[in-house]
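What follows is a single structure, written as structure tokens, with notes after it.
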Amino acid sequence: MKQLSKDAFAAAERYLVLNARVVDRVRFAHRFRGGPVGQVVHAVRAYQNPDGGFGHAIEPDLRGASGQPQGVEIAFWALDDAGVFEAATVRGACAWLEANTTEDGGVPWVLPSVLDDERAPWWQPEGEKPPAALNPTAPLAGLLHTHGVGHPWLAPATEFCWRAIAGLTEVGAYDAMCVLAFLERVPDRERAEAEFERLAPSLRASAALDPNEPGHTHSPLDLAPRPDSLARRLFSGEEIDLHLDFAIDAQNEDGGWAPNFEMWTPAVVHEWGGHLTYSTLRTLNAYGRIA
């Protein structure tokens, strides 16, 4: 069983210092160096607009200032990771979500306002009035449940997620992670377990079991970044170990880890690289793979 060596860890830290955004550097410092959690909150809030939404490339491929649902999700994950779901930030974001919710109770994958912003070519809205989507409504609702946030947006969003999940027979890779984020965190555990068991074969199939599979794929570690993740039950110990070993070997000479999807403009290379490097270190640490 491979371990990320002390020298390799130091190289990853140096990569972050040289290349990563402040938000990823302070998340690393908080988790691995005892840095103040307040710096994470301040870094996240720097991306928040006065209306409560999040933009300004908190999602690196969405370069514009305007808020998007995906921006709120990334902000919530960063706060959750630091263990501080700061009330004022979250309350403002929930007000923004409520203002941009469809009649179905969820938020779209991307709002039409994205057309006025610089963005990666795949960020295209589904018409002038795009429908609600599990990506990102499901993880947003799941994280709010985790932190006991009481807000009017949450109940209809939760019901939308239950309806949408019940209608699934096959789950794509991105939706798989969103479904899991919801099922792992929603309070109704009996219902969540039943849906997990029903969808388990499709959830498992959404991951690339061969770590050398080319293209933009998701690995079992994307679905199960911690040993206590709900999705850990989808994979054998041998499969998880294989991907952990592969992750250790995939570290670049500069100390970082590179994304396996298109880098459409130079700015995103290290923005995504810093995000992925921190995420990889967090996963390796969760599985006890850092020396």
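Any residue in the stretch 205-212 that is over 18 Å from the mean Cα position of the chain (by Cα), at pLDDT 95 or above and part of a helix (DSSP H, G or I)? Yes - at least one qualifying residue is present in the stretch 205-212. For the stretch 91-129, a residue qualifies if it is in a loop (DSSP other than H, G, I, E, B), of a type in the set (S, T, N, Q) and over 25 Å from residue 162 (Cα atoms), and exactly one does: 124. Return a yes/no flag: does the stretch 221-239 have any residue that is over 21 Å from residue 175 (Cα atoms), crowded, with 16+ Cβ neighbours inside 10 Å, out of contact with any strand residue (DSSP E or B) (no Cβ under 8 Å at 6 or more places or on another chain) and modelled with pLDDT of 95 or more. Checked the stretch 221-239: at least one residue is over 21 Å from residue 175 (Cα atoms), crowded, with 16+ Cβ neighbours inside 10 Å, out of contact with any strand residue (DSSP E or B) (no Cβ under 8 Å at 6 or more places or on another chain) and modelled with pLDDT of 95 or more. Listed conditions (1) crowded, with 21+ Cβ neighbours inside 10 Å; (2) free of Cβ contacts under 8 Å to residues at least 60 places away in the same chain are all met by residue 22, apart from (1). Which of the residues spanning the stretch 143-170 are touching a helix residue (DSSP H, G or I) at 6+ places or on another chain (Cβ under 6 Å), under 24 Å from residue 201 (Cβ atoms) and surrounded by fewer than 18 Cβ atoms within 10 Å (Cβ to Cβ)? Scanning the stretch 143-170 gives a single hit, 170.
Check the stretch 29-52 and report whether any residue there is buried (at least 20 other Cβ atoms within 10 Å of the Cβ), farther than 21 Å from residue 157 by Cα, touching a helix residue (DSSP H, G or I) at 6+ places or on another chain (Cβ under 7 Å) and among the aromatic types (Phe, Trp, Tyr). For the stretch 29-52, residues buried (at least 20 other Cβ atoms within 10 Å of the Cβ), farther than 21 Å from residue 157 by Cα, touching a helix residue (DSSP H, G or I) at 6+ places or on another chain (Cβ under 7 Å) and among the aromatic types (Phe, Trp, Tyr): present.
Would you check if there is a residue in the stretch 213-226 being more than 17 Å from the chain's Cα centre (by Cα), of a type in the set (Val, Ile, Thr) and either closer than 30 Å to residue 291 by Cβ or in a helix (DSSP H, G or I) (or both)? No: the stretch 213-226 contains no residue that is more than 17 Å from the chain's Cα centre (by Cα), of a type in the set (Val, Ile, Thr) and either closer than 30 Å to residue 291 by Cβ or in a helix (DSSP H, G or I) (or both). Being more than 19 Å from residue 106 (Cα to Cα) and crowded, with 18+ Cβ neighbours inside 10 Å holds for only one residue in 209, 203, and it is 203. For residue 245, the conditions (1) assigned to a loop (DSSP other than H, G, I, E, B); (2) surrounded by fewer than 17 Cβ atoms within 10 Å (Cβ to Cβ); (3) touching a residue at least 60 places away in the same chain (Cβ under 8 Å); (4) not basic (Lys, Arg) are fulfilled apart from (1). Count of the stretch 156-172 residues, restricted to those that are part of a loop (DSSP other than H, G, I, E, B) and more than 20 Å from the chain's Cα centre (by Cα), is 4.
For the stretch 175-187, the count of residues that are surrounded by fewer than 22 Cβ atoms within 10 Å (Cβ to Cβ), touching a Cys at 6+ places or on another chain (Cβ under 8 Å) and either at pLDDT below 95 or not polar (S, T, N, Q) (or both) is at least one. Within the stretch 115-142, being of a type in the set (A, V, I, L, M, F, W, C) and either surrounded by fewer than 23 Cβ atoms within 10 Å (Cβ to Cβ) or more than 17 Å from residue 177 (Cβ to Cβ) (or both) holds for 115, 120, 122, 123, 132, 133. Just checking, which of 11, 29, 75 is closer than 30 Å to residue 98 by Cβ and in a helix (DSSP H, G or I)? Answer to the check: 75.
Would you check if there is a residue in the stretch 64-81 being more than 16 Å from the chain's Cα centre (by Cα) and under 21 Å from residue 155 (Cβ atoms)? No, there is no match, as no residue in the stretch 64-81 is more than 16 Å from the chain's Cα centre (by Cα) and under 21 Å from residue 155 (Cβ atoms).
The values are calculated or read from the model by the stated rules, or taken from the named source; none is laboratory data. Owing to the predicted nature of the structure, the values given are computational and were not obtained by experimental measurement. Reconstructed Cβ throughout: ideal geometry from the backbone, glycine too, with neighbour counts over all protein chains shown.
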